[in-house]
1. What about I209, is it buried (at least 17 other Cβ atoms within 10 Å of the Cβ) and either part of a loop (DSSP other than H, G, I, E, B) or touching a strand residue (DSSP E or B) at 6+ places or on another chain (Cβ under 6 Å) (or both)?
2. If S120 meets every condition in (1) in contact with a strand residue (DSSP E or B) (Cβ under 8 Å, 6 or more places away or on another chain); (2) over 21 Å from N187 (Cα atoms); (3) not hydrophobic (A, V, I, L, M, F, W, C) apart from one, which number is that one?
3. Go through segment 63-175 and tell me which strands (runs of 3 or more DSSP E), entirely inside it, have 2 or more residues that are surrounded by fewer than 19 Cβ atoms within 10 Å (Cβ to Cβ) and modelled with pLDDT of 95 or more.
4. Considering each residue of segment 85-106, count those that are at negative phi and among the polar types (S, T, N, Q), and give that number.
5. Restricting the search to segment 48-77, which residues are of a type in the set (S, T, Y) and within 22 Å of G133 (Cα to Cα)?
6. Within segment 185-201, can one find any residue that is surrounded by 15 or more Cβ atoms within 10 Å (Cβ to Cβ) and over 22 Å from K55 (Cα atoms)?
7. Are there any pairs, at least 6 apart or on different chains, whose C-beta atoms fall under 9 Å, with the first in segment 70-95 and in contact (Cβ under 8 Å) with a residue 24 or more places away in the chain and closer than 15 Å to T47 by Cα and the second charged (D, E, K, R) and surrounded by fewer than 17 Cβ atoms within 10 Å (Cβ to Cβ), and if so, which?
Amino acid sequence: MYFNSRMLKVPFIVWLLILLSACGDKPTQLTALKSNSVILAYGDSLTFGYGANSKTESYPAILSQLSGIEVVNKGISGETSQQGLERLPSVLAEVNPSLVILCHGGNDLIRKLSQQQLKSNLDQMIQLIQNTGAEVMLIGVPNFSLMLSIPDLYSQLSELQNVPIQLDILQKIERDRRLKSDQVHPNAAGYKLMAETIHQELVDLGALIK
């Protein structure tokens, strides 16, 4: 009888662990943005819009049209994460955003700079942003190699700092030549898809109303 009683308890315990695990996987929600809120798009050439008309075809420009909210493009082509970290405080003071979309690290990966340093730089950027009261959405940048894998550091930072992350869109663009202007950068269609994906993500996270 003792053996049978223990066996009957196992399915319930397994079910409970599955339920708790599912609850832990719920994505971090964002605060709903107001009509006068400002979104800061911060990063390198992928944010700037290299490969298309940066003023009208970059993902920040299209995201602004989709959301009806001001999106300030502060992407600089060729910038490393260390340079981005040094530049960030002045940009935050200038823009005073409610939300920052952080898409950085591509140049570190292309130049094979230290991924540990990249992680540290991004971690410090996230903390600087949060210290102003703004929220962060992180975009995972793939290694620009055959596999186009996203370094684990992006997911680790998302979990460590409890910020939402978008891991799929840049991989999808990089794998489709029709969405690229060269070996690395999206074209107008690629940036449009990037903006639409981020917009939907922000809707799902509660920051925007569709």
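1. It is false that I209 is buried (at least 17 other Cβ atoms within 10 Å of the Cβ) and either part of a loop (DSSP other than H, G, I, E, B) or touching a strand residue (DSSP E or B) at 6+ places or on another chain (Cβ under 6 Å) (or both).
2. Just one mismatch for S120, condition (1).
3. Correct list: 70-75.
4. Total satisfying the criteria: 2.
5. Initially, segment 48-77 is screened for residues of a type in the set (S, T, Y), giving 50, 54, 56, 58-59, 64, 67, 77.
If the condition is that a residue be of a type in the set (S, T, Y) and within 22 Å of G133 (Cα to Cα), then S64, S67 are the ones that fit.
6. yes
7. V72/E94; N73/K55; K74/R87; K74/E94; I76/R87; E79/R87; T80/R111
The values are calculated or read from the model by the stated rules, or taken from the named source; none is laboratory data. It should be emphasised that the depicted structure is a prediction, and the values quoted were computed from it without experimental measurement. A quick note on method: Cβ atoms are made from the backbone with ideal geometry, for glycine too, and the neighbour counts reach across all protein chains shown.
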